[in-house]
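Colleague: What follows is a single structure, and I will ask about it in a moment.
The values are calculated or read from the model by the stated rules, or taken from the named source; none is laboratory data. Small disclaimer: the values here were computed from a predicted structure and weren't measured. Virtual Cβ from ideal backbone geometry, glycine too; neighbours counted across all protein chains shown.
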Amino acid sequence: MASLAETLETLEKRALGDLAGVGDDSALENWRNVYLGRRGALADYLRSVGQLAAADRPAAGQAANAVKVALEAAFADREAQIQALSLDARFEADRIDVTLPARRLHTGALHPTTQILRRIVSIFRDLGFRETEGPEVELDWYNFEALNIPPDHPARDMWDTFYVNPPSVLLRTHTSPVQIRTMERSTPPVRVIVPGRVYRYEAQDPSHEWMFYQVEGLAVDAGLTMADLKGVLVAFAQRIFWPDTQCKFRCSYFPFVEPGMEMDVQCPICRGQGCRVCKHSGWLELLGAGMVHPKVLTNVGYDPEQVHGFAFGMGPERIAMVTHVIDDIRLFYGNDLRFLQQFG
Ligand code: PHE
């Protein structure tokens with residue numbers, strides 16, 4: 001009995017000594033487990049009380065309980081002290097100097113091309129066009145032949161490309177192949193707007209890149225005329241630039257349209273007065289367009305006697321270059337943050 005009482009006393013001393021050295025929540029939790037836990041020192045002690053002679057047990061049990069109560073009280077005190085301490089420390093760490101300049105937040109932003117593509121597509125969506133896409137790796141058939149550009153046609157010079165698997169698999173040089181793919185899987189009326197990347201085998205300079213974007217438009221229906229084409233394009237120009245923007249149509253040639261044309265718009269920077277951006281002409285070339293060639297309609301199984309179509313293709317970077325007065329197309333895909341961060 002005497003030895004058990006002694007153990008109890010040393011246990012209490014050791015526990016209180018340890019508790020004084022406990023300095024934070026996790027050490028506190030640890031202490032509780034070691035002394036007061038289900039497998040802790042006090043529980044061990046109580047188990048050994050069970051081995052005593054029956055007459056000695058009540059006194060030993062009471063003594064152990066008194067120590068338990070004392071340790072729990074000491075624990076609660078220490079816990080309160082530590083909480084008060086850590087609050088102070090937290091206040092100290094949270095102290096801020098309100099006179100310091102704020103730290104700049106670095107937020108991401110849409111690429112200038114993405115921004116302009118979204119504007120273009122949403123304008124055409126309002127005009128009743130549905131957005132669609134096509135593959136960048138294309139067959140010669142879709143990129144050239146079905147568009148009325150046979151293998152020996154000189155117009156192929158306008159669209160020199162990269163061959164993935166010559167001569168039939170290539171990187172598309174324009175989004176016009178999506179005209180064919182769309183018509184193949186639908187019946188008129190068709191109205192689509194097609195943004196996407198295109199590739200050209202080209203020496204790079206301030207106005208030429210080997211990869212850029214185009215936005216293609218196509219409408220096919222019974223009775224569509226050049227007036228519909230012009231109406232849609234003028235409506236577009238007056239939404240993306242100014243409501244009173246003047247447009248000019250010039251004859252041009254693309255093998256997949258007849259007649260073919262190009263549309264110029266009044267320079268949106270100087271409003272036609274003449275400036276650096278429009279090279280003092282007051283006009284900017286904006287896009288190619290025309291009425292879908294009967295051969296193209298025939299190639300997709302449409303009857304050119306029954307339906308007519310119009311198509312157009314534009315370069316979104318060109319539009320962004322004009323509106324932001326950017327003088328080098330290579331800036332778009334050079335990944336220089338000093339350039340890109342200007343469009344956040
Ligand atoms: N695909 C032509 C180009 O890349 C543009 C165009 C599209 C012209 C549709 C007419 C009709 O230059």
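Colleague: Considering 133, 138, 184, which residue is more than 15 Å from the ligand (Cβ to nearest atom), among the acidic types (Asp, Glu), touching a strand residue (DSSP E or B) at 6+ places or on another chain (Cβ under 9 Å) and in the same structural domain as residue 272 (by TED's automatic domain parsing)? Spell out the reasoning first.
Modeller: Values: 138 fails: more than 15 Å from the ligand (Cβ to nearest atom); 184 fails: touching a strand residue (DSSP E or B) at 6+ places or on another chain (Cβ under 9 Å).
When all the criteria are applied, what remains is 133.
Colleague: I would also like to ask the following. Return yes when residue 145 is at pLDDT 95 or above, within 16 Å of the ligand (Cβ to nearest atom) and not β-branched (Val, Ile, Thr) and no when it is not. Reasoning before the result, please.
Modeller: Values: at pLDDT 95 or above: yes; within 16 Å of the ligand (Cβ to nearest atom): yes; not β-branched (Val, Ile, Thr): yes.
For residue 145, the condition - at pLDDT 95 or above, within 16 Å of the ligand (Cβ to nearest atom) and not β-branched (Val, Ile, Thr) - is met.
Colleague: Within the stretch 229-252, which residues are assigned to a loop (DSSP other than H, G, I, E, B) and either without any contact (Cβ under 8 Å) to a residue 12 or more places away in the chain or not assigned by TED's automatic domain parsing to the domain that holds residue 319 (or both)? Spell out the reasoning first.
Modeller: Kept after step one, since they are assigned to a loop (DSSP other than H, G, I, E, B), are these residues of the stretch 229-252: 241-246.
243, 244, listed by residue number.
Colleague: With buried (at least 16 other Cβ atoms within 10 Å of the Cβ), outside any loop (DSSP other than H, G, I, E, B) and of a type in the set (Ser, Thr, Tyr) as the only criterion, which of 182, 175 stands out? Walk me through how you get there before you give the answer.
Modeller: Numbers: 175 fails: outside any loop (DSSP other than H, G, I, E, B).
After ruling out the rest, the residue left standing is 182.
Colleague: List every residue pair whose Cβ atoms lie under 8 Å apart, where the two residues are 6 or more positions apart in sequence or sit on different chains, the first residue falls within the stretch 273-289 and is within 18 Å of residue 262 (Cα to Cα) and in contact (Cβ under 8 Å) with a residue 40 or more places away in the chain, and the second residue, located anywhere, is in a loop (DSSP other than H, G, I, E, B) and within 16 Å of the ligand (Cβ to nearest atom).
Modeller: What qualifies is 287/315.
Colleague: Only one of these is under 24 Å from residue 173 (Cβ atoms), more than 33 Å from the chain's Cα centre (by Cα) and either in the same structural domain as residue 159 (by TED's automatic domain parsing) or at pLDDT 95 or above (or both): 307, 322, 300. Name it.
Modeller: Answer to the selection: 300.
Colleague: Polar (S, T, N, Q) and not in a helix (DSSP H, G or I): which single residue out of 81, 115, 51 fits that description?
Modeller: Residue meeting the stated conditions: 51.
Colleague: If residue 295 satisfies all but one of (1) surrounded by fewer than 16 Cβ atoms within 10 Å (Cβ to Cβ); (2) at positive phi; (3) within 15 Å of the ligand (Cβ to nearest atom), what's the number of the condition it fails?
Modeller: Residue 295 satisfies every listed condition except (2).
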